[in-house]
Amino acid sequence: MTATVAGGPPGRRLPPLLRQSAHHGLVLAAAALALLLAVTVLAALVAVAEQAAEAGARERLAADPDAAVRISGAYDPEGVARADGPVRGALARTYGEVPHRTTRLVRAPAARETQLPVAGSGVGGRGAVGLSLLWAQDAGRQARLTEGAWPRAGHGSGGPVEVALDEGYAARLGLTTGDDFAVGGDDGGDGSGSGAGSGDGGADGGAEPLGLRVSGLYSPRDPDTPLWQDLTGTFGTPDSVGLVARRAFAEHPVLVRDAAAVWLAVPDARRLRLGQVGRLRERAAALAARDAGRVVFGRGAPAGAGVLAGVEADTDLPYVLRQLDVPVAVARAGAYLPVALLASLALGALLLTARQLAQHRAVEHVLLGSRGAGPVRLVGGAAAQWAAVALPAKAGRSHGVL
């Protein structure tokens, strides 16, 4: 009996501030639930807005053929093999945490602005049809064979070089599997249509014709990728690329004299994050602005370091990434508008709830003040009511509810 009297009624055991807040328990519970729900919805909408902006940026980047970083140099079979590791390392440092794919290529002619003229295709004073000869490390991934076979290495420099042509390009020239033709030599025109005969090594390609034999026809899996758009020449079309075996460049002097080794690194747009765009843009711009030879082979090494001559780095990736700023901002603005409206409604609801509580407690504050309650007690009561509303939302966020 004595213990019961000393303890008093159960309600008396609560602190005074909580007993006062319990008088408005239903209102406080409703306000806390409304705040928790509003914060949850706002967080979800912000996440959706970021995902929408990121998805739009990925689609634009994947569709842009200029989204690539290139490191190139004069072709030399042994030098290319020794330079492969350092070049891939430089490209990996440029991309950093951004997933990417690097493809090694060999192209003739070496100058990107030119193509080899197809002998006899220039008629009526018009320039010859141009053709770029290319070996790609992953040709089977980039193109689908529709007829014949992939080109094989020849038997020295005596016989024709096997080449796989784009099926549309072959149809325009009237060529099919097994046909022979030649590039270089007398193009039968002024060469303006393909840019052949200009640039480094163009004279060599034009003076000595190279015999080719069509081993098969292919169709690009995606003609808009940088591989087809970037390596066809200024006047060429994405289908004016003939695929040859890698050894063909070493076996034929007319090719080895005017060929370039290219490492083409393309970002994996499907896994790109918006937070990675700014840093990637800065690193790609820095690579293009610096001495590529020193970047690839080390700070103290001269350009090429005796491994690969004429090392160059070229990229339009910084410009491509800069073009993403406007569409990302538009996507975010469109998605953040309902977020702002909902936040305004939630804030208005909280202000109205606080006003109602203040009106209900006005009489209690007067009574507490007349009984000698000081400012500390009155402020403590207001803080307790605030905690009853705001702390549930904070707890829900910290436990992964939001």
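Working only within region 311-327, note down all residues that are touching a residue at least 24 places away in the same chain (Cβ under 8 Å) and part of a helix (DSSP H, G or I).
Of the residues in region 311-327, the ones touching a residue at least 24 places away in the same chain (Cβ under 8 Å) are 311-324, 327.
The answer is Leu317, Pro318, Tyr319, Val320, Leu321, Arg322, Pro327.
Has region 283-295 got any residue that is buried (at least 16 other Cβ atoms within 10 Å of the Cβ) and either modelled with pLDDT under 85 or part of a strand (DSSP E or B) (or both)? So that I can check it myself, show each step before the final result.
Narrowing region 283-295 to residues buried (at least 16 other Cβ atoms within 10 Å of the Cβ): 283-285, 287-288, 292-295.
Filter once more, keeping what is either modelled with pLDDT under 85 or part of a strand (DSSP E or B) (or both): none.
Within region 283-295 (the criterion being buried (at least 16 other Cβ atoms within 10 Å of the Cβ) and either modelled with pLDDT under 85 or part of a strand (DSSP E or B) (or both)), the answer is no, since none of the residues qualifies.
Quick one: would you say Thr94 is polar (S, T, N, Q) and in a helix (DSSP H, G or I)?
Details: polar (S, T, N, Q): yes; in a helix (DSSP H, G or I): yes.
Judged against the criteria, Thr94 is a match.
Determine whether region 110-129 contains at least one residue that is outside any loop (DSSP other than H, G, I, E, B), modelled with pLDDT of 90 or more and surrounded by 15 or more Cβ atoms within 10 Å (Cβ to Cβ).
Going through region 110-129, the residues outside any loop (DSSP other than H, G, I, E, B) turn out to be 116-118.
Still in the list and also modelled with pLDDT of 90 or more: none.
Among the residues of region 110-129, not one is outside any loop (DSSP other than H, G, I, E, B), modelled with pLDDT of 90 or more and surrounded by 15 or more Cβ atoms within 10 Å (Cβ to Cβ), which makes the answer no.
Any residue in region 261-277 that's touching a residue at least 40 places away in the same chain (Cβ under 8 Å) and assigned to a loop (DSSP other than H, G, I, E, B): show its pairings with residues that are surrounded by 20 or more Cβ atoms within 10 Å (Cβ to Cβ) and among the small types (Gly, Ala, Ser) at Cβ separation under 9 Å, as long as the two are six or more apart or on different chains.
Leu272/Ala57
Give the residues of region 231-245 that are in a loop (DSSP other than H, G, I, E, B) and at pLDDT 90 or above, sorted by residue number. If you could, list the steps in order and put the result at the bottom.
Let us first name the residues in region 231-245 that are in a loop (DSSP other than H, G, I, E, B), namely 231-240, 244-245.
Across region 231-245, the qualifying residues are Val244, Ala245.
Out of (1) surrounded by 17 or more Cβ atoms within 10 Å (Cβ to Cβ); (2) modelled with pLDDT of 70 or more, what's the single condition that is false for Gln20?
(2)
Please work out which one of (1) out of contact with any Pro (no Cβ under 7 Å at 6 or more places or on another chain); (2) surrounded by fewer than 18 Cβ atoms within 10 Å (Cβ to Cβ); (3) part of a strand (DSSP E or B) is the condition Asp222 fails and give its number.
Only one criterion in (1) out of contact with any Pro (no Cβ under 7 Å at 6 or more places or on another chain); (2) surrounded by fewer than 18 Cβ atoms within 10 Å (Cβ to Cβ); (3) part of a strand (DSSP E or B) is unmet by Asp222, namely (3).
Out of the residues in region 58-69 meeting the condition of being in contact with a helix residue (DSSP H, G or I) (Cβ under 7 Å, 6 or more places away or on another chain) and not in a loop (DSSP other than H, G, I, E, B), tell me which one is nearest to Leu280 (Cα to Cα).
Once the filter is applied, the top-ranked residue is Val69.
Quick one: Gly193 ticks every box in (1) closer than 16 Å to Val241 by Cα; (2) at pLDDT below 50; (3) in a helix (DSSP H, G or I) bar one, so which box is it?
(3)
State yes or no: is Gly89 modelled with pLDDT of 80 or more and either at positive phi or in contact with a His (Cβ under 6 Å, 6 or more places away or on another chain) (or both)? Talk me through it step by step, then tell me what you get.
On the way: modelled with pLDDT of 80 or more: yes; either at positive phi or in contact with a His (Cβ under 6 Å, 6 or more places away or on another chain) (or both): no.
Against the criterion (modelled with pLDDT of 80 or more and either at positive phi or in contact with a His (Cβ under 6 Å, 6 or more places away or on another chain) (or both)), Gly89 does not qualify.
All but one of (1) at pLDDT below 80; (2) surrounded by fewer than 22 Cβ atoms within 10 Å (Cβ to Cβ); (3) of a type outside the set (Asp, Glu); (4) part of a helix (DSSP H, G or I) hold for Ala250; which doesn't?
The failed condition is (1).
State which residue is modelled with the lowest pLDDT when the search covers only region 140-153 and only residues that are surrounded by fewer than 21 Cβ atoms within 10 Å (Cβ to Cβ) and among the small types (Gly, Ala, Ser).
Only one residue fits best here, namely Ala153.
When you look at Val80, is it touching a strand residue (DSSP E or B) at 6+ places or on another chain (Cβ under 7 Å), in contact (Cβ under 8 Å) with a residue 24 or more places away in the chain, in a loop (DSSP other than H, G, I, E, B) and among the hydrophobic types (A, V, I, L, M, F, W, C), yes or no?
On the way: touching a strand residue (DSSP E or B) at 6+ places or on another chain (Cβ under 7 Å): yes; in contact (Cβ under 8 Å) with a residue 24 or more places away in the chain: yes; in a loop (DSSP other than H, G, I, E, B): no; among the hydrophobic types (A, V, I, L, M, F, W, C): yes.
Considered against the rule, which asks whether it is touching a strand residue (DSSP E or B) at 6+ places or on another chain (Cβ under 7 Å), in contact (Cβ under 8 Å) with a residue 24 or more places away in the chain, in a loop (DSSP other than H, G, I, E, B) and among the hydrophobic types (A, V, I, L, M, F, W, C), Val80 comes out as no.
Kindly establish whether Ala49 is modelled with pLDDT under 85, outside any strand (DSSP E or B), touching a Lys or Arg at 6+ places or on another chain (Cβ under 7 Å) and not aromatic (Phe, Trp, Tyr).
Numbers: modelled with pLDDT under 85: yes; outside any strand (DSSP E or B): yes; touching a Lys or Arg at 6+ places or on another chain (Cβ under 7 Å): yes; not aromatic (Phe, Trp, Tyr): yes.
Yes.
The values are calculated or read from the model by the stated rules, or taken from the named source; none is laboratory data. Since we're looking at a predicted model, the values are computed, not measured. No Cβ is skipped: glycine too gets one built from the backbone with ideal geometry, and neighbour counts run over all protein chains shown.
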